[in-house]
Amino acid sequence: MIHYQIAVIVGSLRRDSFNRKLANAIVKLAPPEFSFQQVQIGDLPLYNQDDDANPSVPVKRLKRELTAAQGFLFVTTEYNRSIAGVLKNAIDHASRPYGQSAWAGKPAGILGVSAGAIGTAMAQQHLRNVLAYLDVPTLGQPEAYIQAKEGLFDESGNLGTDRKKFLQGWMDIYVAWVKKHVV
């Protein structure tokens, strides 16, 4: 049996982030041949092309973890109708220097949760645009714009029954997407 290692990139640094809770909960819906590791992005310096020749230790760690993964799961917040700066910073670091991207060719899925009624629709669209340029085949359907409201998570941080069925379906399709793209 093939084992699939997935890097989880949470686009929020907030300790009680809804998106971190979603990332922790949804990975429990994957089959046993999938394992997930959240990569740390909060300690990265701001991207500066002058540093490409001598990247910092956190940047080296990020690129190493992404390179080791066979796919990506982005769980992103939405700030001002786009992705958070910390996420864009991580994407830029891992895509540079030009021609040495840790992202290229690996499949991805995108989820997000916010208090707003449209979830993270705009952030996800912006992220899709960036990932398309970086040659990351990104799952298009089903889209998952989750609104944070009562019952999304139970007391233990697991998905509540209202959303679990939908997110199980999303995970099943994501798993098939990764298997399709990983040779």
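The values are calculated or read from the model by the stated rules, or taken from the named source; none is laboratory data. Small disclaimer: the values here were computed from a predicted structure and weren't measured. Note that each Cβ is placed from the backbone with ideal geometry, even for glycine, and that neighbours are counted across all protein chains shown.
Farther than 22 Å from residue 39 by Cβ, among the basic types (Lys, Arg) and touching a residue at least 12 places away in the same chain (Cβ under 8 Å), is that true of residue 128?
On the way: farther than 22 Å from residue 39 by Cβ: no; among the basic types (Lys, Arg): yes; touching a residue at least 12 places away in the same chain (Cβ under 8 Å): yes.
No; evaluated as a whole, the condition is false for this residue.
From the list 98, 79, which one is in contact with a Gly (Cβ under 9 Å, 6 or more places away or on another chain) and over 20 Å from residue 172 (Cβ atoms)? Step through it out loud before you land on a result.
Details: 98 fails: in contact with a Gly (Cβ under 9 Å, 6 or more places away or on another chain).
Step by step, each of 98, 79 is checked, and only 79 is in contact with a Gly (Cβ under 9 Å, 6 or more places away or on another chain) and over 20 Å from residue 172 (Cβ atoms).
Just a yes or no: is a residue in the stretch 32-42 hydrophobic (A, V, I, L, M, F, W, C), under 18 Å from residue 127 (Cα atoms) and either surrounded by 15 or more Cβ atoms within 10 Å (Cβ to Cβ) or out of contact with any Lys or Arg (no Cβ under 6 Å at 6 or more places or on another chain) (or both)? Step through it out loud before you land on a result.
From the stretch 32-42, those hydrophobic (A, V, I, L, M, F, W, C) are 34, 36, 39, 41; that's our starting set.
Now drop any that are not under 18 Å from residue 127 (Cα atoms), which leaves 39, 41.
Adding the requirement that they be either surrounded by 15 or more Cβ atoms within 10 Å (Cβ to Cβ) or out of contact with any Lys or Arg (no Cβ under 6 Å at 6 or more places or on another chain) (or both) leaves 39, 41.
For the stretch 32-42, residues hydrophobic (A, V, I, L, M, F, W, C), under 18 Å from residue 127 (Cα atoms) and either surrounded by 15 or more Cβ atoms within 10 Å (Cβ to Cβ) or out of contact with any Lys or Arg (no Cβ under 6 Å at 6 or more places or on another chain) (or both): present.
Would you check if residue 27 is surrounded by 14 or more Cβ atoms within 10 Å (Cβ to Cβ), in contact with a helix residue (DSSP H, G or I) (Cβ under 9 Å, 6 or more places away or on another chain), part of a strand (DSSP E or B) and touching a residue at least 40 places away in the same chain (Cβ under 8 Å)?
For residue 27, the condition - surrounded by 14 or more Cβ atoms within 10 Å (Cβ to Cβ), in contact with a helix residue (DSSP H, G or I) (Cβ under 9 Å, 6 or more places away or on another chain), part of a strand (DSSP E or B) and touching a residue at least 40 places away in the same chain (Cβ under 8 Å) - is not met.
In the stretch 79-94, is there at least one residue being aliphatic (A, V, I, L, M) and without any contact (Cβ under 8 Å) to a residue 40 or more places away in the chain? Spell out how you get there, then give the answer.
Of the residues in the stretch 79-94, the ones aliphatic (A, V, I, L, M) are 83-84, 86-87, 90-91, 94.
Subset that is without any contact (Cβ under 8 Å) to a residue 40 or more places away in the chain: 94.
Checking the stretch 79-94: at least one residue is aliphatic (A, V, I, L, M) and without any contact (Cβ under 8 Å) to a residue 40 or more places away in the chain.
In the list 73, 44, 62, 22, which residue meets the criterion of being over 24 Å from residue 174 (Cβ atoms), touching a Leu at 6+ places or on another chain (Cβ under 8 Å) and at pLDDT 95 or above? Spell out the reasoning first.
Values: 73 fails: over 24 Å from residue 174 (Cβ atoms); 62 fails: over 24 Å from residue 174 (Cβ atoms); 22 fails: over 24 Å from residue 174 (Cβ atoms).
Answer to the check: 44.
Would you confirm whether any residue within the stretch 103-112 is of a type outside the set (A, V, I, L, M, F, W, C) and within 24 Å of residue 56 (Cβ to Cβ)?
Restricting attention to the stretch 103-112, the residues satisfying the condition of being of a type outside the set (A, V, I, L, M, F, W, C) are 105-107, 109, 112.
From the residues that got through so far, the ones that are within 24 Å of residue 56 (Cβ to Cβ) too are 106.
Within the stretch 103-112, one or more residues are of a type outside the set (A, V, I, L, M, F, W, C) and within 24 Å of residue 56 (Cβ to Cβ).
Within the stretch 12-24, identify whether any single residue is over 22 Å from residue 115 (Cβ atoms), surrounded by 15 or more Cβ atoms within 10 Å (Cβ to Cβ) and among the polar types (S, T, N, Q), and answer yes or no. Steps first, please.
Residues of the stretch 12-24 over 22 Å from residue 115 (Cβ atoms): none.
Checked the stretch 12-24: no residue is over 22 Å from residue 115 (Cβ atoms), surrounded by 15 or more Cβ atoms within 10 Å (Cβ to Cβ) and among the polar types (S, T, N, Q).
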